[in-house]
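The structure appears below as structure tokens.
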Amino acid sequence: MDMPRIDITLNPNVVALPPYNAGMNIAAARKLSGRDDIAALASNENPDGCSPKVMAALTSLNPSRYSDPACTTLRAALSAKLDVASDRIVIGNGSEEMIAAVCRAVLCPGAKVAMVAPGFGLHEIEALANGATVDKVPMGTDLDFDVPAIVAALARAPAIFFLSSPSNPVGPALDIASLERIIAAVAQETLLVLDEAYFEYADDETPDGLDILSRSGLNHVVLRTFSKAYGLAGLRVGYAVFSDGRLARAVTSSKTPFNVNAAAQIAAVAALDDEAWMTASVASMAGERARVGEALASMGLRAAKSQTNFLFIDVGIDSQNAFDHVLSHGIIIKPWKERGYETFIRMTIGRPAENDRFIAALKLLVAG
Ligand SMILES: *Cc1c(COP(=O)(O)O)cnc(C)c1O
């Protein structure tokens, strides 16, 4: 029996959601390209893997017991590292889950949300799922934040303003003066969500959003993750730091109780205990990013400034054609489809040999 007798009513906000563009997986890429040696440069994962201390710690995993719903050990470790009271920290099944839980805790149908575009897909999807309308503030044509446009959008007092800095997918980070101008424009009734998924990759000049917002007196959330620089994307663990315990408690109530599995909690604690591994990985990525950037410039291609582990590149032709071409060389990147950015691709910095393959494939494309 395929057809139910009575159509149940579906949530129209959910039925209408745009799909999340998750990028092609490796198995599909193997099939389509006929190659085994796929370079997965689409999802901003860490090609160095993770700290060996994480793998060692995971041998203590007991899969048969429920995980700690409060993530007590991990929150204590973060509290010490960040100098933030642990009642302001909530751990998520990836920081993605925190985006969803914040929306569910804060938004009522008809609420206004604003975000930067191009931006992170889930900032829009989770807002729409909760019945909000989404105001998109374009990046500047110089591929940097348009601070006056952000300030103008904040004047409309949205319930939530999502800001990813460093930006995904574009790459630049807000400087201190820009961040302060934005903070000064946030209304009392707005929750500023600063998504710092790429914080660990940003240079020393980039302000620490958590530090600045903690002193601002604003209602805010700072999101960070173990998926990128710490190399734990497959385990799903990220965190939110809230301006106050009341907000943190509301978001705790809006997530499932055992949202962070036991392996993820063990791994994240071990990863924090080996910051040296992470900083070495970040440094080698930065060297490769500079090298790829120079190769692109020598081909006459424009890439946005990047404080992340990826480059947002104008390839000058339809991004889907560029995707198909590099896929035939066994490389997965992410083609951009948003209006105004149809000739852009986002390429994650991989291992040196993978970056070489990407450069070689792109050279063939540019040579036509
Ligand atoms: C990768 C990413 C995330 C999600 O990370 P998870 O912790 O893996 O859920 C959140 N925000 C931005 C901007 C990202 O790029």
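Taken together, the values in this text are just the output of simple stated rules run on the coordinates, not laboratory data. As the structure is a computational prediction, the values presented were derived from the model and not from experiment. So basically every Cβ, Gly included, is an ideal-geometry build from the backbone, and we count neighbours across all protein chains shown.
For the range 328-368, the convex hull drawn through the C-alpha positions has a volume of 76 cubic angstrom per residue. Each residue of the range 6-17 was assigned a 3J(HN,Hα) from its phi angle through the Karplus curve 6.51 cos²θ - 1.76 cosθ + 1.60 (θ = phi - 60°); the sequence is 10, 6, 7, 7, 9, 5, x, 5, 6, 4, 7, 5 Hz, with glycine and proline shown as x. Distant-in-sequence amide contacts of Thr225, defined by a placed amide H-H separation under 5 Å and a gap of 5 or more residues or a different chain, comprise Tyr239.
Tell me the net charge near Arg75. Cut-off is 10 Å between Cβ atoms, Arg75 excluded, with +1 for each Lys or Arg and -1 for each Asp or Glu.
Working: positive: Arg88; negative: Asp68, Asp87.
Once positives and negatives cancel, what remains is -1.
Report the antiparallel proportion of the DSSP beta bridges in the chain as a percent, rounded to a multiple of 5.
Details: 18 of 38 bridges.
Taking every DSSP beta bridge with both residues in the chain, the antiparallel ones total about 45 percent.
Most tightly packed first, judged by the mean number of other beta-carbon atoms within 10 Å of their residues, the peptides 327-334, 13-20 read 327-334, 13-20.
Mean sequence separation of contacting Cα pairs (under 8 Å, at least six apart), scaled by the length of the range 52-272, corresponds to a relative contact order of 29 percent. Here the peptides 248-258, 348-358 are ranked by packing, the mean other Cβ count within 10 Å, and the order with the highest first is 348-358, 248-258. Over every Cα atom in the range 9-119, the radius of gyration and the widest Cα-Cα span, Dmax, amount to 19.6, 52 Å.
In percent, rounded to a whole number, the relative contact order of the range 200-345 is 17, using alpha-carbon pairs under 8 Å and six or more apart. The range 190-233 and the range 338-368 have Cα centres spaced 28 Å apart.
When the Kirkwood radius is taken over all Cα pairs of the range 274-368, what Stokes-Einstein diffusion coefficient follows at 37 °C and 0.692 mPa s, in µm²/s? After rounding, the answer is 241 µm²/s. With K and R counted +1 and D and E -1, the other residues having a Cβ less than 10 Å from that of Lys53 yield a net charge of -2.
Near Thr252: Cβ cut-off under 14 Å, other residues only, Lys/Arg at +1 and Asp/Glu at -1. The net charge is +2. Sorted on the mean count of surrounding Cβ atoms within 10 Å across their residues, most packed first, peptides 112-118, 206-212, 337-343 read 112-118, 206-212, 337-343.
Under 1.5 on a/c is rounded, so check that first for the range 129-229, then, if it is not, pick prolate when a/b is larger than b/c and oblate when it is not; a ≥ b ≥ c are the square roots of the alpha carbon gyration tensor eigenvalues. Display every interim value, and only then the final one.
Working: a/c = 1.34, a/b = 1.27, b/c = 1.05.
Because its axes are fairly even, with a/c under 1.5, the range 129-229 counts as rounded.
What would the Debye equation give as log₁₀ I(q)/I(0) for the range 72-206 at q = 0.18 Å⁻¹, counting only Cα atoms as equal point scatterers? These q points yield log10 I(q)/I(0) values of -1.09. Taking only Cα atoms and a 10 Å spring cutoff, compute GNM fluctuations for the chain and point out the largest among Asp135, Asp144, Asp37. Checking each option, the largest mean-square fluctuation is seen for Asp37. P(r) for the range 188-227, from all Cα pairs and a bin width of 5 Å, is 6, 23, 29, 22, 13, 5, 1 %, short bins first. Can you work out the base-10 log of I(q)/I(0) for the chain at q = 0.08, 0.11, 0.14 1/Å, using the Debye formula on its C-alpha atoms alone? After summing over all Cα pairs, the log10 values are -0.41, -0.79, -1.27.
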